[in-house]
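Before any comments, here is the structure.
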Amino acid sequence: MLLIACPWCGERDETEFHYGGQAHVAYPADPEALTDVEWGAYLFVRDNPKGDFAERWVHTAGCRRWFNVVRHTVTHDISAVYPAGQPRPSQESRPQNEVTA
Amino acid sequence: MPDQLPEHPDWLWRTPDPKPSYDVVVVGAGGHGLATAYYLARNHGISNVAVLERGWLAGGNMARNTTIIRSNYLCEESAAIYEHALKLWEGLPQELEYDFLFSQRGVLNLAHTLQDVREGMRRVGANRLGGVDAEWLDPDEVRAFCPIVNTSPDVRYPVLGATLQPRAGIAKHDHVAWALARAADAHGVDLIQNCEVTGFVRDSDGAVVGVETTRGRIAAGRVALAAAGHTSTLTDLLGLRLPIQSHPLQALVSELLEPVHPTVVMSNHVHVYVSQAHKGELVMGAGIDSYNGYGQRGSFHQIEHQMAAALELFPIFARAHVLRTWGGIVDVTPDASPIIGPTPVENLYVNCGWGTGGFKATPASGWVYADTIAHGRPHPLAAPFALERFTTGALIDEHGAAAVAH
Ligand SMILES: Cc1cc2nc3c(=O)[nH]c(=O)nc-3n(C[C@H](O)[C@H](O)[C@H](O)COP(=O)(O)OP(=O)(O)OC[C@H]3O[C@@H](n4cnc5c(N)ncnc54)[C@H](O)[C@@H]3O)c2cc1C
Ligand SMILES: [Zn+2]
């Protein structure tokens, strides 16, 4: 079970949250201008990295607010938590061996 | 003591060094990669083939799944490919001369709500029209077929009925892999373990002409990915984005018990699926973890959730012990159907997205993939599963079609 630090409520069990997939996927500025390939890619294709992933979570059983998390998809190490709408923080070097699961 | 150990039994396949070049390089020695290599040789006479595996043969999902085999899917395209698989399963033990304990003990898909009942009856009708064996059982018939299911009305989600596919069942997954590996090897296919593909060799037009591996560069006429949960890590290297998300999926077994469970029971609504292996352990599968993950382990609350469902359905399991839990990495697509076929990258083929339910497809997956690779165009049964469906919108929506889990 992950321990996730909600920006408003602090650390809570994963079971209080719901997952929202990749963060920072903007709705196309001009959907009409997209080709079918581009529209299909917007609808169906998301990054799937083995490593750090910026993703959305919602604190369903708490404050019910959405926020973003940078989590390593192998170690589950959470290296950043930040409000929705803010850019992904730049992270130079950080340990990859911490396991919080 | 060591001098009392018996001789090591004969190896089932050779352990060759990689050759500099192959007609086809298959990436991944799970069931799908092995079946592909076997059918390339058997059906198409293409035996200058290597299967490259980063770990050990069948160390991925192939020997981590709960081994349920069935073909009672709702969508025609799915039922067609899974039924092709089931027919192949029925002949494979004899063809491969290997008794991998394929047991057609039937699969029950329980209905717990009015919506489940309607979906189940509809699927039985669709299956029958499509030539797939299917029956609808009422609660008394469920109890007669599988006496240990709790069919009393005073549980949270009473059993209102079930679909039954009598020809469905289970098989011993690691032995299936070994049987396919032995047969592929006998046809001259090189099975190369501890050989991770780390990059692709491309010519000036961008066509793939080989792979970089931890054991050096290997040239290839065609490269066929069969890397399940790791497919995106490979296609990312080519700038090819696929509609796949990798998730942990867990399962567990109990200690060895007397035979108590005569069939396979699945419940999508309370989410658990249970059979009893030949050796005697109860084999149960959980749901996927919601988040993306490559860690081959999931969160414990998924196990807890699954056990709660299992105990409600099977009170007799209350005193059984969990012996082992484990996880695999499953490659999930938006419509819960696989992606099979050529790609925009010349000479590169993909077969992925089987997600939580690809073991049952193993022989058909290999059959249609080998044909697709050999002819450079989709096999008719694979054509609906091409990557293009995410542009055309012709999805094969097995998420909506239920009975989708495993
Ligand atoms: C817990 C669990 C329960 C399941 N239950 C069922 C079930 O009851 N019924 C059912 O039909 N399906 C089930 N499935 C799904 C099924 O196991 C998979 O869909 C199927 O095994 C995928 O095909 P495969 O066997 O080829 O995959 P894998 O065995 O995962 O093969 C992929 C191989 O590719 C290798 N690989 C990856 N990257 C590289 C690289 N760069 N270089 C070289 N090799 C690489 C991996 O090491 C791996 O061995 C279950 C899965 C899990 C995890
Ligand atoms: Zn909160």
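Can you tell me which residues in the range B:19-33 are in a helix (DSSP H, G or I) and either in contact with a Gly (Cβ under 7 Å, 6 or more places away or on another chain) or within 16 Å of ligand 2 (Cβ to nearest atom) (or both)?
Initial filter on the range B:19-33 (in a helix (DSSP H, G or I)): B:31-33.
Hit for the range B:19-33 is B:H32, nothing else.
Going through the range B:340-370 one residue at a time, which ones are of a type in the set (A, V, I, L, M), touching a strand residue (DSSP E or B) at 6+ places or on another chain (Cβ under 6 Å) and crowded, with 24+ Cβ neighbours inside 10 Å?
Passing the criteria: B:I340, B:V350.
Note down all Cβ pairs under 7 Å where the first residue falls in the range A:64-82 and is more than 18 Å from A:P7 (Cβ to Cβ), the second is among the polar types (S, T, N, Q) and within 16 Å of ligand 1 (Cβ to nearest atom), and they're at least six residues apart or on different chains.
Taking only residues 6 or more apart or on different chains, the pairs are A:T73/B:N292.
Return the residues of the range B:203-236 that are under 29 Å from B:S337 (Cβ atoms) and of a type outside the set (G, A, S); say none if nothing qualifies.
First, pick out the residues of the range B:203-236 that are under 29 Å from B:S337 (Cβ atoms): B:206-208, B:211, B:220-236.
Listed by number, the residues that qualify are B:V208, B:V211, B:R222, B:V223, B:L225, B:H230, B:T231, B:T233, B:L234, B:T235, B:D236.
State whether the residues of the range B:224-243 include one that is out of contact with any Cys (no Cβ under 9 Å at 6 or more places or on another chain), more than 14 Å from chain A (Cβ to nearest Cβ) and within 30 Å of B:L96 (Cα to Cα).
Scanning the range B:224-243, I find at least one residue that is out of contact with any Cys (no Cβ under 9 Å at 6 or more places or on another chain), more than 14 Å from chain A (Cβ to nearest Cβ) and within 30 Å of B:L96 (Cα to Cα), so the answer is yes.
Given (1) of a type in the set (A, V, I, L, M, F, W, C); (2) part of a loop (DSSP other than H, G, I, E, B); (3) touching a strand residue (DSSP E or B) at 6+ places or on another chain (Cβ under 6 Å), identify the lone condition not met by B:A50.
Condition not satisfied by B:A50: (2).
Which residues, counting only those in the range B:266-305, are closer than 30 Å to A:A54 by Cα and away from chain A (no Cβ under 14 Å)? Reasoning before the result, please.
Step one: list which residues in the range B:266-305 are closer than 30 Å to A:A54 by Cα, which gives B:271, B:285-305.
Within the range B:266-305, B:H271, B:G285 meet the criteria.
Each row is one residue, and each column tells you yes or no for (1) of a type in the set (D, E, K, R); (2) crowded, with 18+ Cβ neighbours inside 10 Å.
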| residue | (1), (2) |
| --- | --- |
| B:P248 | no, yes |
| B:E255 | yes, no |
| B:S275 | no, yes |
| B:S290 | no, yes |
| B:H301 | no, no |
| B:H305 | no, no |
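Might you let me know whether the range B:67-77 holds any residue that is away from ligand 2 (no atom under 16 Å from the Cβ), acidic (D, E) and more than 30 Å from B:G125 (Cα to Cα)?
Going residue by residue through the range B:67-77, those that are away from ligand 2 (no atom under 16 Å from the Cβ) are B:67-77.
With the extra rule that they be acidic (D, E), the set shrinks to B:76-77.
Filter again for more than 30 Å from B:G125 (Cα to Cα), leaving none.
No, there is no match, as no residue in the range B:67-77 is away from ligand 2 (no atom under 16 Å from the Cβ), acidic (D, E) and more than 30 Å from B:G125 (Cα to Cα).
Being within 12 Å of chain A (Cβ to nearest Cβ), away from ligand 1 (no atom under 12 Å from the Cβ) and under 20 Å from the mean Cα position of the chain (by Cα) is true for just one of B:P334, B:P344, B:P384. Which residue is that?
Working: B:P344 fails: under 20 Å from the mean Cα position of the chain (by Cα); B:P384 fails: within 12 Å of chain A (Cβ to nearest Cβ).
On inspection, the qualifying residue turns out to be B:P334.
Of everything in the range B:47-78, what is among the β-branched types (V, I, T) and out of contact with any Lys or Arg (no Cβ under 9 Å at 6 or more places or on another chain)? Give them in sequence order. Lay out the reasoning, then the answer.
Within the range B:47-78, the subset among the β-branched types (V, I, T) is B:49, B:51, B:66-69.
Across the range B:47-78, the qualifying residues are B:V49, B:V51, B:T66.
What's the number of the condition A:E38 fails, among (1) outside any loop (DSSP other than H, G, I, E, B); (2) farther than 24 Å from B:L395 by Cβ; (3) more than 14 Å from ligand 2 (Cβ to nearest atom)?
(2)
Does any residue in the range B:158-175 that is away from ligand 1 (no atom under 16 Å from the Cβ) come within less than 9 Å, Cβ to Cβ, of a residue that is among the aromatic types (F, W, Y) six or more places away or on a different chain, and which pairs are these?
Partner pairs satisfying both residue conditions: B:G161/B:W136; B:A162/B:W136; B:A162/B:F145; B:T163/B:W136; B:L164/B:W136; B:L164/B:F145.
Looking at B:G393, B:G353, can you tell me which residue is touching a Gly at 6+ places or on another chain (Cβ under 8 Å), within 14 Å of chain A (Cβ to nearest Cβ) and small (G, A, S)?
Details: B:G353 fails: touching a Gly at 6+ places or on another chain (Cβ under 8 Å).
Only one candidate qualifies: B:G393.
Is there a residue in the range A:42-63 that is surrounded by fewer than 16 Cβ atoms within 10 Å (Cβ to Cβ), part of a helix (DSSP H, G or I) and more than 9 Å from chain B (Cβ to nearest Cβ)?
Within the range A:42-63 (the criterion being surrounded by fewer than 16 Cβ atoms within 10 Å (Cβ to Cβ), part of a helix (DSSP H, G or I) and more than 9 Å from chain B (Cβ to nearest Cβ)), the answer is yes, since at least one residue qualifies.
Restricting attention to the range B:191-213, does a residue exist that is near ligand 1 (Cβ under 8 Å from one of its atoms) and touching a helix residue (DSSP H, G or I) at 6+ places or on another chain (Cβ under 6 Å)?
no
In the range B:254-298, what count of residues is obtained for those that are under 22 Å from B:R156 (Cβ atoms) and either assigned to a strand (DSSP E or B) or modelled with pLDDT under 95 (or both)? Show your work before the answer.
First, the residues of the range B:254-298 that are under 22 Å from B:R156 (Cβ atoms): B:261, B:265-274, B:282, B:284-287.
From the residues that got through so far, the ones that are either assigned to a strand (DSSP E or B) or modelled with pLDDT under 95 (or both) too are B:265-274, B:282, B:284-287.
Final tally of qualifying residues: 15.
Yes/no per residue for (1) within 11 Å of chain B (Cβ to nearest Cβ); (2) within 21 Å of B:T233 (Cα to Cα):
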position: A:W8; (1), (2): no, no
position: A:T15; (1), (2): yes, no
position: A:V25; (1), (2): no, yes
position: A:T35; (1), (2): yes, no
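The values are calculated or read from the model by the stated rules, or taken from the named source; none is laboratory data. Quick caveat: nothing in here was measured; it's all calculated off a predicted structure. Cβ atoms come from the backbone with ideal geometry, glycine included; neighbour counts cover every protein chain shown.
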